[in-house]
Amino acid sequence: MSFEYTPPQDSVRWRQYAGRDVIPLTVADMDFPAPPAVVEALAGRIASGLFGYGEPWPSLLETIIDHCAREYGWLIEADWIVWLPGLVPGLHAACCAVGREGDGVFTATPVYPPFLSAPLKARRRLLTLPLVRSEAGWGWDFAAADAIMRSARLFLLCHPHNPVGRAWRTDELWQLAALVDKHDLVVCSDEIHCDLTLTGRHTPFATLAPEIAARTITLMAPSKTFNLAGLGCAWAIIPDAALRRAFEGAARGIVPQPNLLGLIACEAALREGGAWRAQLLDTLRSHAARVEQVVNALPGLSMERVEASFLAWLDCRELGVARPATFFAQAGVGVSDGAAFGPGEAYAQYVRLNFATTRTLLDLALERIRKACTG
Ligand SMILES: Cc1ncc(COP(=O)(O)O)c(C=O)c1O
């Protein structure tokens, strides 16, 4: 997948460094147009001129149910689906729905920043645990998780994990599930990147066992996979009726319905986007390998293999610069500042790099990084 690319004038990522010679590899969307089937479906609807209030229709629900069965072997029921305009509102609704003011919400860092802000907005106590980096890559300190979960009511799980790029293995998920069960937690599992798993098949946390499903809110969307983030369409899958009612109650009146065009795009993407997605995954695998090869050959930089999505988490602690994100921007590459992904300045010596751009731009960005690091 490589084509010339002209960013739209509204792109948040491309506006960030407008007027400067900085390649923006920040915000998690892609420089790839959505699948032709999506564009066609949207064009058809737009031609109708009808944009009144809409709600999900039977074939759309069937599409989600079929997708879960085909991709993850997960048999869900239509009633379990709660539609959302995005995953972030889902994280907030989960924090409001579970427990009460002052209760603990547990998550592992570094992590996508709303995992850190949503609990606080809901007046919960944020309990964070650093993931550990070892020879085997990024992973969990399960003993430390056990100790912290004791004080929590809710666990915000990022699976696959943004930004460290791990697609958690089933044995890791089982260890987390045992702790969740032991401490009687509700889990909100953000699985937005699950259809971009580069290394195998995704296992939703809720599929481990019916008892686990009963305490889990799973958040999903077509937005990362098919580059539809601007269309506002996502959903939660909540098998337990009481938990679902609490979640819906927390969202009501605050969280709007998904965008009608997002729903139309979602059905087309999941039904007809398979070949496009396969090609995308090949491109992302190749880009991930290239980033890893360049980064791990440079003095002062290192990273672990990306198992899912299009984000690389670069350890710049040995680089010897005050603020790596600023250093790379000055060298002509915009990356996300790691500080936003954890408490205080814990990750200020890391950056996140989005490699879902054209190969030409990616190679240029990597060359700029190489030059900056080798002086
Ligand atoms: C883990 C994770 N959750 C949620 C989101 C954003 O979700 P939404 O745009 O649907 O609110 C992102 C975007 O990068 C993400 O990485």
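The values are calculated or read from the model by the stated rules, or taken from the named source; none is laboratory data. All values derive from a computational prediction rather than experimental measurement. As a convention, Cβ positions derive from the backbone with ideal geometry for all residues, glycine included, and neighbour counts pool all protein chains shown.
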Which listed residue is away from the ligand (no atom under 16 Å from the Cβ), over 30 Å from Gly200 (Cβ atoms) and out of contact with any Cys (no Cβ under 7 Å at 6 or more places or on another chain), from Leu42, Leu75: Leu42
Qualifying residues in the stretch 31-65 (those that are acidic (Asp, Glu) and in a loop (DSSP other than H, G, I, E, B)) - the one nearest to Pro258 (Cα to Cα): Glu55
Test: residue in the stretch 18-35 that is closer than 27 Å to Leu120 by Cα and of a type in the set (S, T, N, Q): yes
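Residues are listed down the side, and each one gets a yes or a no for (1) in the same structural domain as Asp282 (by TED's automatic domain parsing); (2) touching a helix residue (DSSP H, G or I) at 6+ places or on another chain (Cβ under 6 Å); (3) not in a helix (DSSP H, G or I):
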{"position": "Phe327", "(1), (2), (3)": "yes, no, no"}
{"position": "Val335", "(1), (2), (3)": "yes, yes, yes"}
{"position": "Ala346", "(1), (2), (3)": "yes, no, yes"}
{"position": "Ala365", "(1), (2), (3)": "yes, no, no"}
Cys68 over 20 Å from Cys266 (Cβ atoms) and in a helix (DSSP H, G or I): no
Residues of the stretch 262-305 satisfying the condition of being among the small types (Gly, Ala, Ser) and under 30 Å from Val39 (Cβ atoms): Gly262, Ala265, Ala268, Ala269, Gly273, Gly274, Ala275, Ala278, Ser286, Ala288, Ala289
Counted residues, the stretch 288-331 - those being in contact with a Gly (Cβ under 6 Å, 6 or more places away or on another chain), crowded, with 22+ Cβ neighbours inside 10 Å and under 15 Å from Thr374 (Cβ atoms): 0
Of the criteria (1) under 20 Å from the mean Cα position of the chain (by Cα); (2) over 15 Å from Ala93 (Cα atoms); (3) in the same structural domain as Gly99 (by TED's automatic domain parsing), which one Leu280 fails: (3)
Extreme residue, surrounded by the most Cβ atoms within 10 Å (Cβ to Cβ), among residues of the stretch 1-39 that are among the basic types (Lys, Arg) and more than 16 Å from the ligand (Cβ to nearest atom): Arg15
Among the candidates Asp195, Asp240, Asp181, Asp190, residue that is in contact with a helix residue (DSSP H, G or I) (Cβ under 9 Å, 6 or more places away or on another chain) and either under 17 Å from Val38 (Cβ atoms) or among the small types (Gly, Ala, Ser) (or both): Asp195
Qualifying position, being surrounded by fewer than 20 Cβ atoms within 10 Å (Cβ to Cβ), within 16 Å of the ligand (Cβ to nearest atom), in the same structural domain as Ile217 (by TED's automatic domain parsing) and farther than 19 Å from Ala213 by Cβ, among Ser134, Ser117: Ser117
